[in-house]
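Okay, so here's the structure we're looking at.
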Amino acid sequence: MFRDFGIYAPRTSYARIYINGVFQGVFMAVEKIDGRFTDSRWPENGDGNLYKEQWPSRTNPNFYLEALETNNGVFDDPDVSKMVNLAKTVAKSTESDFVSNVSPFIDLNYFLHYIAVDRAIHNSDGIFTWYKDMNSNWMGNHNFYIYQEDGTEGKIWLIPWDLDYTFPLEDPVIDGAGIPNWNEPAQDCNPTAVYGGSSYVIPPNCDKLTSLLAATLWDKFVSIG
């Protein structure tokens, strides 16, 4: 579904698995997100930075350096300034200038297509599920990659990953725990228990990039959906 909607998603295939001639079942083989993936999808700009599960929400370069999946060798000297600058740009943006400010960094039409699929399949463990660790200061979303094209004009792209919490009849976070949806302003950003109290989340609209996407591009998202 992501690929059909123009999203850079991994290829998949089904496989019958046998061990010593004994049938074990039908499994899914999923393409790995790595440098080979970026070379395949961006043949002219495939040597950029690939980050795992680091949303552009912080301005500390170490936040992105720690998440590098490519260009992370001893002698690579990766440049993460584009992610830092995107986070700074989002932080200073308002509804009136958000679209013009972030358009040089991300393809907003692509982001909206990604969100349309994510919401249609009720992905309850992806970019809109913001976890809060009650024993530390950690807070964040996960199960995605971000690719930063190389070159001065290269953009930042979202890649889906790990979609096992999908297709419930009701979203266990939004419907089950009553967490406001991504387009609904949060009354507060206090953590709420989900999954029987095993995890805590905050409303996705507490993230500024998410709230500004909803505030400025909701009608376009609806038409895409």
Here is a list of conditions, (1) among the aliphatic types (A, V, I, L, M); (2) at pLDDT 95 or above; (3) within 19 Å of Trp218 (Cα to Cα), and Ile156 meets all of them except one; can you say which number that is?
(3)
Output the number of residues of the range 1-55 satisfying the condition of being open to solvent by 40 Å² or more (accessible area, probe 1.4 Å), within 19 Å of the chain's Cα centre (by Cα) and more than 30 Å from Gly73 (Cα to Cα).
5
Members of the range 164-219 that are of a type in the set (Asp, Glu), without any contact (Cβ under 8 Å) to a residue 60 or more places away in the chain and outside any helix (DSSP H, G or I):
Asp164, Glu170, Asp171, Asp175, Glu184, Asp188
Sort through Ile115, Ile127, Ile146 and tell me the only one that's part of a strand (DSSP E or B), of a type outside the set (Phe, Trp, Tyr) and at pLDDT 95 or above.
Ile146
Restricting attention to the range 64-98, which residues are touching a residue at least 40 places away in the same chain (Cβ under 8 Å), in a helix (DSSP H, G or I) and open to solvent by 60 Å² or more (accessible area, probe 1.4 Å)?
Ala91
Among the numbered criteria (1) aromatic (Phe, Trp, Tyr); (2) more than 16 Å from Ala9 (Cβ to Cβ); (3) open to solvent by less than 20 Å² (accessible area, probe 1.4 Å), which one does Trp138 miss?
(3)
Restricting the first residue to the range 139-154 and requiring it to be farther than 12 Å from Trp42 by Cα, which pairs with a second residue that is open to solvent by 50 Å² or more (accessible area, probe 1.4 Å) and in a strand (DSSP E or B) meet a Cβ separation below 6 Å and a spacing of at least six or different chains?
Met139/Lys132; Tyr145/Lys52
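The values are calculated or read from the model by the stated rules, or taken from the named source; none is laboratory data. Just so we're clear, the structure is a prediction, and the values are computed from it rather than from any experiment. Here the Cβ is made from the backbone with ideal geometry for all residues, glycine too, and neighbour counts use every protein chain on show. All accessible areas refer to the heavy atoms of the entire protein, side chains included, with ligands and DNA or RNA removed. Shrake-Rupley method; radii C 1.70, N 1.55, O 1.52, S 1.80 Å.
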